[in-house]
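The values are calculated or read from the model by the stated rules, or taken from the named source; none is laboratory data. Everything quoted here is computed from the prediction, not taken from an experiment. Using ideal geometry, Cβ is built from the backbone for each residue, glycine included, and neighbour counts are taken over all protein chains shown.
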Amino acid sequence: MRFARLVFLVVSLAAIPLMTALAAAADTKDAGRTIMAADNPFAHPSPLPFEFPQFDKIKDSDYLPAYQAGMRAQLKEVEAIAHNSEPATFENTIVALERSGRLLDRVDTVFSNLNSCNTDDAMQKVDTEMAPKLAAHQDAIFLNAALWGRIDALYARRASLGLDPESLQLLTRYHTQFVRAGAQLSAAEQKRLREINEQLSTLTTRFRQNVLKATADGAVVVDQQSDLDGLTPVQIGAAAQAAAARGLKDKWLISLQNTTNQPPLASLTNRALRERIYRASVSRGLSGATDNREIVTQTVKLRAERAKLLGYPNHAAYVLEDESAGNPTAVADMIRQVAPAALKRAREEAADIQKLIDAQAAARGVPSFQLEPWDWSFYAEQVRKAHYDFDQAQVAPYLELERVMHDGLFYAAHELYGLSFRERKDLPVYQPDVRVFEVSDADGKPLALFIADYFARDNKQGGAWMNSYVAQSKLMKLRPVVANHLNIPKPQPGQPVLLTFDEVTGMFHEFGHAIHGMLSSVRYPTLSGTAVPRDFVEYPSQYNEMWAREPQVVAHYAHDYRTGAPMPPELLAKVLAAQKFNQGYATLEYVEAAQVDLAWHLISAAQAPQPAGVPDFEAAALKGAGLEYAPIQPRYHSDYFSHIFAGGYSAGYYAYLWSEVLARDTGQWFHTHGGMTRANGDTLRRMVLSRGRTEDPQVLFRNFYGHAPDIGPLLEYRGLAGGG
């Protein structure tokens, strides 16, 4: 029983009478619209290979009927399970739940994925309408008293059921989820929780849609090409194409990424334009129709109230109990271990930058100025060039997208796991730029399908992410279909797609998630692939980043797109050495965001500020943790912090740091055991990547690594060892 949107289980009142009422309401309300046509592409499993979605047949008008039919069908399935006259068994209760809701899963998986990467007005209306209905539907299942009784009874006698380890883990997960969903609460408490959950679902949807619109609206229009001095011809062409796509003639458009810092700030010589771009970035969600501050405060209050009803002191305690970290103290301790070294290094980096600013001002005979956030990347790039004797323009021709994908991502996956990739142009896609690859295992047998969606669009959320269209399951006889999404500016036709090294690293990161999904080899959908705790799910992806800078791999993909010549060894050495540069900045902006997230979710509902006080709350949280540093702002401010207010990372943004400890330990393990070999890759695959959540993730890691995680390799990898 999988819910594509269900990240942390939420609760409300539910029982068979409520389920019946919901089903009846769905049958009678808007009856003409709710009848699902026989040719609706979600009515049956896709006939395409791997049950690949029929993107060419899906229309916006298909979603609502399929949703409503899917909810009705699953409620009937669950009612039959809950009121089965036979005594509860693992098969007739837990396995039956795993098999339930297939229609709903098909439509919700496709809709939620496409709504993130290829949305339109009609889909956003569906999203707004369905969010509270899906919350109520989930509540109708998780708070079904009869169903809970069967699960609880099975769990009580689990030792006598003779279950294999994976089945026992599944039963344990179900019991844990139902308890955390409030199955043991009183009817009155559950009623309030249902109200909270529906409100939160609506707030989350509004926040997500506001960020998408604010990010698109915040794009900076440039009237004179001369103001773009510092950008490459390819980047200028991409800005011209972005402007033309909006009907802006003879203009250039700098689109915003989801983060506070914006990539063009590293290159633009025009300081006034840099400031415009930066202020456009940080002002998102602070005013007008897309003001998210009230949504932030209401969300925080409701989460705190829900946690209290469930018996937890705060939302962070509720979330972290079910994560590897276990509790907020563990998260705060990790931040404290890393923050001093990051801040110390960041101050050293700032001092170097300020010296450069002062020297350049003196050379021109003009007054100097204090380093501001919109200056950092521009001058840091110059410091990098001075320290390592190269700049990004020298490197870019060697980082062409096609080559990085085939000779970087796919090559590393082949060397480590024996995977092979063949493009499938016969399968339908939802955008012309999207590509599909069939993945074969070392024995030549088809393993998975991989979707690559790399270019930015106005109707695509910011950032980079992986999702699954089909999750692997032996029970359901399903093989995985996974996708990677980036937001690389698309150049003009005929121009190469040249990447920064950060973008290359991002590709490897997301592909690590994809590999985690593709290599899954488990029986039950609930335990499949990336369905692991948030502070473990980032581990395979951050581990996979190491191959982006591994000399053997870089030498394979870093070739000049014009001549095919490999990157000169001396330049490659400089590029790899420079990866520890500016890590004070990179680490601090991340840790600041993690601290803001934690602070929001440690407070009670009564402690939440008024909407106008959102920026002040952030500032106080950073100051209280000793992380206040004006030149470096959090990677996300609250008003566009989609990870925690529209995604599954509330009280969990620390997960990237927690997981990176595991990732860097794994990198050390590989190098200790001989590096990039099939034997090493197969070991990681067998012990971690194929296992999903069939065992406690901490146990999986310890069994692989041999002992508890060590933070030392992370500090060394980031160049922060001995930094504080």
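Annotations for the structure displayed:
- Any hit, region 702-710, residues being in contact (Cβ under 8 Å) with a residue 60 or more places away in the chain, on the phi < 0 side of the Ramachandran plot and not assigned by TED's automatic domain parsing to the domain that holds Ser112: no
- Being touching a helix residue (DSSP H, G or I) at 6+ places or on another chain (Cβ under 6 Å), under 27 Å from Pro165 (Cβ atoms) and outside any helix (DSSP H, G or I) is a description that does not apply to Gly512.
- Taking first residues from region 529-553 that are modelled with pLDDT of 95 or more and surrounded by 22 or more Cβ atoms within 10 Å (Cβ to Cβ) and partners that are of a type in the set (Asp, Glu) and not in a loop (DSSP other than H, G, I, E, B), the Cβ contacts under 6 Å between residues at least 6 apart in sequence or on separate chains come to Gln542/Glu660.
- Residue selected from region 223-259 under the condition surrounded by fewer than 20 Cβ atoms within 10 Å (Cβ to Cβ) and of a type in the set (Val, Ile, Thr), by the criterion nearest to the chain's Cα centre (by Cα): Thr259
- When region 455-469 is filtered for residues that are over 20 Å from Leu527 (Cα atoms) and either buried (at least 22 other Cβ atoms within 10 Å of the Cβ) or polar (S, T, N, Q) (or both), the ones remaining, listed by number, are Asn459, Gln461.
- Residues that are of a type in the set (Ser, Thr, Tyr), outside any helix (DSSP H, G or I) and over 20 Å from Gln298 (Cβ atoms), drawn from region 637-692: Tyr654, Thr677, Ser690
- Among the conditions (1) touching a Gly at 6+ places or on another chain (Cβ under 8 Å); (2) farther than 28 Å from Thr215 by Cβ; (3) buried (at least 17 other Cβ atoms within 10 Å of the Cβ); (4) at pLDDT 95 or above, the only one that Ala341 does not satisfy is (4).
- Restricting region 600-616 to residues that are surrounded by 21 or more Cβ atoms within 10 Å (Cβ to Cβ) and more than 21 Å from the chain's Cα centre (by Cα), the residue that is nearest to Tyr640 (Cα to Cα): Val614
- Residue within region 581-593 that is closer than 27 Å to Glu415 by Cα, out of contact with any His (no Cβ under 6 Å at 6 or more places or on another chain) and polar (S, T, N, Q) present: no
Per-residue answers, yes or no, for (1) at pLDDT 95 or above; (2) surrounded by 17 or more Cβ atoms within 10 Å (Cβ to Cβ); (3) within 15 Å of Leu662 (Cβ to Cβ):
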| site | (1), (2), (3) |
| --- | --- |
| Met687 | yes, no, yes |
| Arg702 | yes, no, yes |
| His707 | no, no, yes |
| Asp710 | no, no, yes |
| Leu715 | no, yes, yes |
| Ala721 | no, no, no |
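- Counting only residues that are small (Gly, Ala, Ser) and either surrounded by 14 or more Cβ atoms within 10 Å (Cβ to Cβ) or touching a helix residue (DSSP H, G or I) at 6+ places or on another chain (Cβ under 7 Å) (or both), region 554-572 holds 2 of them.
- Restricting attention to region 163-190, the residues that are without any contact (Cβ under 8 Å) to a residue 60 or more places away in the chain, in contact with a helix residue (DSSP H, G or I) (Cβ under 9 Å, 6 or more places away or on another chain) and not hydrophobic (A, V, I, L, M, F, W, C) total 3.
- Summed over region 366-385, the residues that are in contact with an Asp or Glu (Cβ under 7 Å, 6 or more places away or on another chain) and assigned to a loop (DSSP other than H, G, I, E, B) give a count of 1.
- When Glu402, Glu372, Glu349 are checked against the criterion of being over 25 Å from Val532 (Cβ atoms), surrounded by 20 or more Cβ atoms within 10 Å (Cβ to Cβ) and either at pLDDT 95 or above or in the same structural domain as Asn270 (by TED's automatic domain parsing) (or both), Glu349 stands alone in meeting it.
- Of residues in region 198-257 being among the hydrophobic types (A, V, I, L, M, F, W, C), in contact (Cβ under 8 Å) with a residue 60 or more places away in the chain and in contact with a strand residue (DSSP E or B) (Cβ under 7 Å, 6 or more places away or on another chain), the one nearest to Thr299 (Cα to Cα): Ala219
- Looking at region 566-624, the helices (runs of 4 or more DSSP H) lying wholly inside it that each contain 3 or more residues that are more than 18 Å from Leu657 (Cβ to Cβ) sit at 569-577, 614-624.
- Residue in region 465-487 that is in a loop (DSSP other than H, G, I, E, B) and either within 25 Å of Tyr636 (Cα to Cα) or free of Cβ contacts under 8 Å to residues at least 12 places away in the same chain (or both) present: yes
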